[in-house]
Amino acid sequence: MADAELINHTALTLHGLLEKGDVTPLDCLDALETRISLVDPHVNALPTLCFDRARDHARHIMSKPIAERGVLGGIPVVIKDLTNVAGVRSTQGSPIFANHIPDTSDLMVEHIEAEGGVIYAKSNTPEFGAGANTFNPVFGVTRNPYDTSLSAAGSSGGSAVALATGMAWLAQGSDLGGSLRNPASFNNI
């Protein structure tokens, strides 16, 4: 299946393809890597990529029978840069943590991976998630994909833009005061 065709599927359709063995988690990662290289330079939603780690995890998942691959079954997942992923740069959008690489993952990440989620990128966020626009001094501004002069909102703006542009089928975010809802509305997801 061609990368562009795969990118256009919903997460639910992709899950079905993975369950049938029509595509593999590695096929999904290849499609995403191509898509990100074309799109992300214009929107800056996924500043931290971890495809080597993702491919290792995908191979581990693929070593299991399809019925034992977990609820997510190998679907790639984006994690917001407020949430630690072991061995992956986790900045929280702050110069204080600009070079922080945690040894352990957040419990939520452990659960996602245990259920067959494949983490391949960290999404941009305002510094410490504080703010209604996604920009920070480490990675800069995440731009709205419909008009790059406009805001992607925040704080889960990077995740919303990744979904809106086909750079993700699933993306984690967090919300205390509109941090999921506003980016979802600003980015038409």
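The values are calculated or read from the model by the stated rules, or taken from the named source; none is laboratory data. Note that the structure is a prediction, hence the values are computed from the model and not measured. Here the Cβ is made from the backbone with ideal geometry for all residues, glycine too, and neighbour counts use every protein chain on show. Surface areas here come from the heavy atoms of the whole protein model, side chains and all, with no ligands, DNA or RNA. Shrake-Rupley method; radii C 1.70, N 1.55, O 1.52, S 1.80 Å.
Assorted remarks:
- Pairs, first free of Cβ contacts under 8 Å to residues at least 40 places away in the same chain in region 90-113, second of a type outside the set (Val, Ile, Thr) and open to solvent by 90 Å² or more (accessible area, probe 1.4 Å), C-beta under 9 Å, six or more apart: Gln92/Phe128; Thr104/Glu110
- Screening His100 on (1) surrounded by fewer than 14 Cβ atoms within 10 Å (Cβ to Cβ); (2) assigned to a strand (DSSP E or B) shows it passes everything except condition (2).
- Number of positions in region 31-51 that are free of Cβ contacts under 8 Å to residues at least 40 places away in the same chain and either of a type in the set (Phe, Trp, Tyr) or surrounded by fewer than 16 Cβ atoms within 10 Å (Cβ to Cβ) (or both): 4
- Any hit, region 160-178, residues being open to solvent by 70 Å² or more (accessible area, probe 1.4 Å), modelled with pLDDT of 95 or more and part of a loop (DSSP other than H, G, I, E, B): no
- Condition check for Ile36: in contact with a helix residue (DSSP H, G or I) (Cβ under 8 Å, 6 or more places away or on another chain) and assigned to a helix (DSSP H, G or I): no
- Any hit, region 122-135, residues being closer than 10 Å to Val78 by Cα, open to solvent by less than 20 Å² (accessible area, probe 1.4 Å) and outside any loop (DSSP other than H, G, I, E, B): yes
- Residue check: Asp147 meets all listed conditions (1) assigned to a helix (DSSP H, G or I); (2) of a type in the set (Asp, Glu); (3) under 25 Å from Ser37 (Cβ atoms) but one, namely (1).
- Filtered residues of region 157-175 (kept if closer than 16 Å to Ile119 by Cβ, polar (S, T, N, Q) and within 12 Å of the chain's Cα centre (by Cα)): Ser159, Gln172
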